[in-house]
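The values are calculated or read from the model by the stated rules, or taken from the named source; none is laboratory data. Note that the structure is predicted; figures quoted are calculated from it, not measured. Cβ atoms come from the backbone with ideal geometry, glycine included; neighbour counts cover every protein chain shown. Surface accessibility is based on the protein's heavy atoms, side chains included, excluding ligands, DNA and RNA. Shrake-Rupley method; radii C 1.70, N 1.55, O 1.52, S 1.80 Å.
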Amino acid sequence: QVQLVESGGGLVQAGGSLRLSCAASGSIFSIGAMGWHRQAPGQQRELVATITSSGSANYADSVKGRFTISRDNANNTVSLQMNSLKPEDTAVYYCLAYMKYAPWSRAGAYWGQGTQVTVSS
């Protein structure tokens, strides 16, 4: 069984920083793209940032220049460094990874349980 576990959320004042981490564990053969999404109350889940297995990153326009995604392939982790946080960044942040549990299996999308980020003004 494969799972993703996030950590690092919390409460921070506007202009502050937080670092989110997500670790994949279980029977993992390979991990493809990884990323972070977020969902604010009453809103749809939206993409924040993604990173390929080779390290190519993409960001939502709203976080470009403030957030940095990175991954450690040796430890099956992905992180999101969030700087210059704004109240509108308040949301539950979810880790996503596309993983195969065996060479013959298709890559499936796996989600973490979510971690709350609250930015006060």
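Rolling a 1.4 Å probe over the protein heavy atoms of the range 1-51, with every protein chain left in place, gives an accessible area that is 47 percent carbon and sulfur.
In this structure the chain gives 53 Å² per residue of accessible area when probed at 1.4 Å with all protein chains present. Relative contact order, whole percent, for the chain stands at 36, derived from Cα pairs under 8 Å and 6 or more residues apart.
Expressed in nm to one decimal, what extension gain is obtained for the pair Val5 and Trp104 from 0.36 nm per residue of sequence separation less their Cα-Cα distance?
Details: separation 99, 0.36 × 99 = 35.64 nm, distance 2.50 nm.
Result: 33.1 nm gained on full extension.
Keeping the other protein chains in place, figure out the carbon and sulfur percent of the accessible area of the range 64-120, with a 1.4 Å probe. With neighbouring chains kept in place, the figure for the range 64-120 is 49 percent. Projecting the Cα atoms of Cys95, Gln81, Gln39 onto the dipole axis of the chain, where Lys and Arg carry +1 and Asp and Glu carry -1 at the beta carbon, places Cys95 farthest toward the positive end.
For Ser54 and Ser121, a Förster radius of 30 Å and the Cβ-Cβ distance give a FRET efficiency of 0.20, rounded to the nearest 0.05. Here the 3J(HN,Hα) profile of the range 12-27, calculated from phi with Karplus coefficients 6.51, -1.76 and 1.60 at θ = phi - 60°, is 8, 7, 4, x, x, 10, 9, 10, 9, 10, 9, 10, 9, 9, x, 7 Hz, Gly and Pro shown as x.
The largest accessible area among Asp72, Asp61 belongs to the first residue in Asp61, Asp72, and the rest follow in falling order (1.4 Å probe, all chains).
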